[in-house]
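Participant: Input: one structure, supplied below.
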Amino acid sequence: EKGAFPHFMLKEIYEQPETLANAMRGRLDSDNATAHFGGLNLGAQQLRQIDRVVMTACGTSYHAALVGEYLFEEFARVPVEVEYASELRYRNPPMDRNTVVLALTQSGETADTLAALRESKRMGHTTLAICNAVGSSIARETDGGVYLHAGPEIGVASTKAFTSQVAVLAMLALYLGRTRHLSSTQGQRIIAELQALPDVIRKTLECHDQVKRVAAKYADAKNVLYLGRQYLYPVALEGALKLKEISYIHAEGYPAAEMKHGPIALVDESTPSVFLVPRGNVFDKVMSNMQEIKARGGPVIAIASPGDHEVAAVADDVIEIPDVPEYLQPIVTAIPLQLLAYEIALLCGCDVDKPRNLAKSVTVE
Ligand code: M6R
């Protein structure tokens, strides 16, 4: 039930401190500086032999997988390829027997994802899933998997499933990393950072008022660009998808630096850009991408670290989020983008929980 919330989507956005805690409960092992998963069904030897992971999914789950690519690379140094399930299904990529196919799906019923998994199984690959719906088709058909424990997600726009998927991917990357080069000190640091996350998200939700002000200013936009780099590039894609699906405003996500290779031609006074620009390794680079947009008269909304004067000097509007290590920024920055899509959709008079033309789970290929 929605309880005090007017929509399931808003309720699910606000549940994220708890759903993230649920995703981590009982899975973090500080003594051994690693993570544990009950249902992976992979022996230690099999685990060490994995030399490639192919992640497959659709929609928001695909965006989570893209974050997973960065996580697995950083923590485990395992090569990852991410492919839309509907494309993987009809491709025949060369994969050896140490390649694991990992599906990500909230519902566990998405036809494209199920078909891609079945095809991978047919070819003899080990298949795993990160899934929310317990006992769903995909959960039943894979060799092993990890549940999100996020509770039912009713809003058609996926919110809490995304952040939990990223948290589970971070734990899996930690687990894989610890069978390889990741030191116990590094492992312990990651565990402490993950454990702090539910409180960080509680704090992040305080940006809601800032988001409302921004939404009121830009709700009549016809096009919106979402820009980020590295870990935040997939979040830019996800922010754009959220806006498209519930407010019917055209939006595109891009790696911020790719703008100058063509899409910057779209920029004018009526096309706002949402920049993901918290402090981190690529901060200066993203700042200069932001200046390029400003120089062409495009309004800039920045999702930034608290009290960042450098950002405030360039952006028209700033939404502040707490500082976290870069690999957790996808989870934290997703929150204001979910809220922004929600608030704009409300102002546009759209049915946020049941957007037109969409179903919660897409059971046709
Ligand atoms: O249940 P799944 O995670 O497999 O669903 C995949 C997509 O259909 C889903 O994420 C869709 O893109 C959402 N409506 C996005 O908010």
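The values are calculated or read from the model by the stated rules, or taken from the named source; none is laboratory data. Given the structure is predicted, the values throughout are model-derived calculations rather than measurements. When we count neighbours, we look across all protein chains shown, and the Cβ atoms used for this are built from the backbone with ideal geometry, even at glycine. Ligands, DNA and RNA are excluded from the accessible area calculation, which covers all protein heavy atoms including side chains. Shrake-Rupley method; radii C 1.70, N 1.55, O 1.52, S 1.80 Å.
Participant: Can you tell me which residues in segment 1-49 are more than 24 Å from the chain's Cα centre (by Cα), outside any helix (DSSP H, G or I) and among the hydrophobic types (A, V, I, L, M, F, W, C)?
Facilitator: Within segment 1-49, Ala4, Ala33, Leu42 meet the criteria.
Participant: For residues in segment 310-327 being assigned to a loop (DSSP other than H, G, I, E, B) and in contact (Cβ under 8 Å) with a residue 60 or more places away in the chain, which is least open to solvent (accessible area, probe 1.4 Å)? Break it down into steps so the answer makes sense when it comes.
Facilitator: Here is the first cut: in segment 310-327, the ones assigned to a loop (DSSP other than H, G, I, E, B) are 315-316, 321-325.
Among the residues that remain, those that are also in contact (Cβ under 8 Å) with a residue 60 or more places away in the chain are: 321-322, 324-325.
Working: Ile321: 5, Pro322: 26, Val324: 25, Pro325: 43 Å².
Restricting to residues being assigned to a loop (DSSP other than H, G, I, E, B) and in contact (Cβ under 8 Å) with a residue 60 or more places away in the chain, the top hit is Ile321.
Participant: Looking only at residues that are over 18 Å from the mean Cα position of the chain (by Cα) and charged (D, E, K, R) in segment 130-165, which one is farthest from the ligand (Cβ to nearest atom)?
Facilitator: Asp143
Participant: Still on this structure: Scan (1) open to solvent by 50 Å² or more (accessible area, probe 1.4 Å); (2) within 21 Å of Leu47 (Cβ to Cβ) for the single condition Tyr175 breaks and write down its number.
Facilitator: Every listed condition holds for Tyr175 apart from (1).
Participant: Can Ser107 be described as touching a residue at least 12 places away in the same chain (Cβ under 8 Å), of a type in the set (Gly, Ala, Ser), within 14 Å of the ligand (Cβ to nearest atom) and open to solvent by 40 Å² or more (accessible area, probe 1.4 Å)?
Facilitator: Values: touching a residue at least 12 places away in the same chain (Cβ under 8 Å): yes; of a type in the set (Gly, Ala, Ser): yes; within 14 Å of the ligand (Cβ to nearest atom): yes; open to solvent by 40 Å² or more (accessible area, probe 1.4 Å): no.
So Ser107 does not fit the description; no.
Participant: Take segment 184-197 and flag every residue that is crowded, with 19+ Cβ neighbours inside 10 Å and within 19 Å of Ala21 (Cβ to Cβ).
Facilitator: Filtering segment 184-197 down to residues crowded, with 19+ Cβ neighbours inside 10 Å leaves 187, 190-191, 194, 197.
Those that are crowded, with 19+ Cβ neighbours inside 10 Å and within 19 Å of Ala21 (Cβ to Cβ): Ile190, Ile191, Leu194, Leu197.
Participant: Sticking with this one: Being touching a residue at least 40 places away in the same chain (Cβ under 8 Å) and not hydrophobic (A, V, I, L, M, F, W, C) is the filter; apply it to segment 90-100 and report the residue that is surrounded by the most Cβ atoms within 10 Å (Cβ to Cβ). Write out each step before concluding.
Facilitator: So the first thing to find is which residues in segment 90-100 are touching a residue at least 40 places away in the same chain (Cβ under 8 Å), and the list is 95-96, 98-100.
When the remaining residues are screened for being not hydrophobic (A, V, I, L, M, F, W, C), the result is 96, 98-99.
On the way: Asp96: 8, Asn98: 14, Thr99: 19.
In this case the residue turns out to be Thr99.
Participant: What residue, of Arg89, Arg122, is within 16 Å of the ligand (Cβ to nearest atom) and at pLDDT below 95? Let's see the steps before the verdict.
Facilitator: Numbers: Arg122 fails: within 16 Å of the ligand (Cβ to nearest atom).
From the options Arg89, Arg122, the qualifying one is Arg89.
Okay, residues lined up against (1) out of contact with any Phe, Trp or Tyr (no Cβ under 8 Å at 6 or more places or on another chain); (2) closer than 20 Å to Ile293 by Cβ:
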position	(1), (2)
Ile190	no, no
Glu193	yes, no
Pro198	yes, no
Arg202	yes, no
Cys207	yes, no
Arg213	yes, no
Ala216	yes, no
Asn223	yes, yes
Tyr226	no, yes
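Participant: List the pairs whose first member sits in segment 241-265 and is more than 25 Å from Tyr342 (Cα to Cα), whose second member is away from the ligand (no atom under 16 Å from the Cβ), and whose Cβ atoms are under 6 Å apart, counting only residues at least 6 apart or on separate chains?
Facilitator: Pairs that qualify, where the first residue is more than 25 Å from Tyr342 (Cα to Cα) and the partner is away from the ligand (no atom under 16 Å from the Cβ), are Ala257/Asn289; Pro263/Tyr254.
Participant: Next question. Which of the residues that make up segment 50-65 are touching a helix residue (DSSP H, G or I) at 6+ places or on another chain (Cβ under 9 Å) and either surrounded by fewer than 16 Cβ atoms within 10 Å (Cβ to Cβ) or in a strand (DSSP E or B) (or both)?
Facilitator: Taking segment 50-65 first, the residues touching a helix residue (DSSP H, G or I) at 6+ places or on another chain (Cβ under 9 Å) are 50, 53-65.
Listed by number, the residues that qualify are Val53, Val54, Met55, Thr56, Ala57.
Participant: I would also like to ask the following. Somewhere in segment 78-86, is a residue in contact (Cβ under 8 Å) with a residue 60 or more places away in the chain, within 14 Å of the ligand (Cβ to nearest atom) and surrounded by fewer than 24 Cβ atoms within 10 Å (Cβ to Cβ)? Outline the logic, then answer.
Facilitator: We begin by selecting, within segment 78-86, every residue in contact (Cβ under 8 Å) with a residue 60 or more places away in the chain; these are 78, 86.
Those left that are additionally within 14 Å of the ligand (Cβ to nearest atom): 86.
From what's left, surrounded by fewer than 24 Cβ atoms within 10 Å (Cβ to Cβ): 86.
For segment 78-86, residues in contact (Cβ under 8 Å) with a residue 60 or more places away in the chain, within 14 Å of the ligand (Cβ to nearest atom) and surrounded by fewer than 24 Cβ atoms within 10 Å (Cβ to Cβ): present.
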